[in-house]
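> One structure, pasted below without further comment.
Just so it is clear, none of the values below were taken in a lab; they were calculated from the coordinates. Keep in mind the model is a prediction, meaning the values are calculated, not measured. When we count neighbours, we look across all protein chains shown, and the Cβ atoms used for this are built from the backbone with ideal geometry, even at glycine.
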Amino acid sequence: MLTLTDGKLAIELNHKESIDLELKLNVSAYGDAWRHIGILLYEYGTKRSGEFAELHVEPSQFAFLLRLQAKKTWEKCRGMA
């Protein structure tokens, strides 16, 4: 599992959930600015980084990623800020 954390709160993502979140992030307003997060989500999702990983993000990034995760499809995340 991939543990996504801001140091206080955490969620765990499987490989499929990681790719799903990466796609949603890519089409959001932060896709370019937070490319490093997208790369790590992609690498975990495609099993390039092993079975277990941890991704530390800022609290504001964590909150935004949770909002993205709650959307049903990546299309609903287009331009989201």
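> Which is the longest part of the chain that has none of the trypsin sites (Lys or Arg not before Pro) sitting in a DSSP loop with at most 16 other Cβ atoms within 10 Å?
Result, exposed sites excluded: 9-46.
> Continuing with the same structure: Which whole-Hz couplings ³J(HN,Hα) result when phi for each residue of region 55-60 is put into the Karplus expression 6.51 cos²θ - 1.76 cosθ + 1.60, θ = phi - 60°, listed in order with x for Gly and Pro?
Calculated HN-Hα couplings, in order: 10, 9, 10, 5, x, 5 Hz.
> Read phi for every residue in region 62-72 and hand back ³J(HN,Hα) as whole Hz from Karplus 6.51 cos²θ - 1.76 cosθ + 1.60, θ = phi - 60°, with x for Gly and Pro.
With the stated coefficients, region 62-72 comes to 4, 4, 5, 5, 5, 4, 4, 4, 6, 6, 5 Hz.
> I'd like to know which of THR46, THR73, LEU4 lies farthest towards the positive end of the charge dipole of the chain, counting +1 on Cβ of Lys and Arg and -1 on Cβ of Asp and Glu.
Among THR46, THR73, LEU4, the one farthest towards the positive end of the dipole of the chain is THR73.
> Taking loop as defined by DSSP and a crowding limit of 10 other beta carbons within 10 Å, which chymotrypsin sites (Phe, Trp or Tyr not before Pro) in the chain fit?
PHE52
> In deg cm²/dmol, rounded to 500, what helix-only [θ] at 222 nm does the chain give when every DSSP H run of at least 4 residues adds -39500 (n - 2.57) and the total is split over its residues?
That calculation yields -14000 deg cm²/dmol at 222 nm.
> If you build the Cα gyration tensor of region 42-81 and take the root of 5 times each eigenvalue, what three semi-axes come out, in whole angstrom, biggest first?
Working from the Cα gyration tensor, I get semi-axes of 22, 15, 8 Å.
> Can you give the angle from 0 to 90° between the axis of helix 35-45 and the longest principal axis of the chain, with both taken from C-alpha atoms, to the nearest 10?
It works out to around 50 degrees.
> If one takes the longest principal axis of the Cα atoms in the chain, at what angle in degrees, from 0 to 90 and to the nearest 10, does the Cα axis of helix 15-27 lie?
Relative to the chain, helix 15-27 is tipped by roughly 30 degrees.
> What fraction, in whole percent, of alpha-carbon pairs in region 15-81 exceed 21 Å separation?
Here the tail beyond 21 Å accounts for 15 percent of pairs.
> Of the lysine pairs in the chain, how many meet both conditions: Cα atoms under 25 Å apart, and a spacing of 8 or more in sequence or different chains?
The result is 14.
> Here is a further query. Evaluate the relative contact order of the chain (contact order divided by residue number), counting alpha-carbon pairs under 8 angstrom at least 6 apart; express in whole percent.
43
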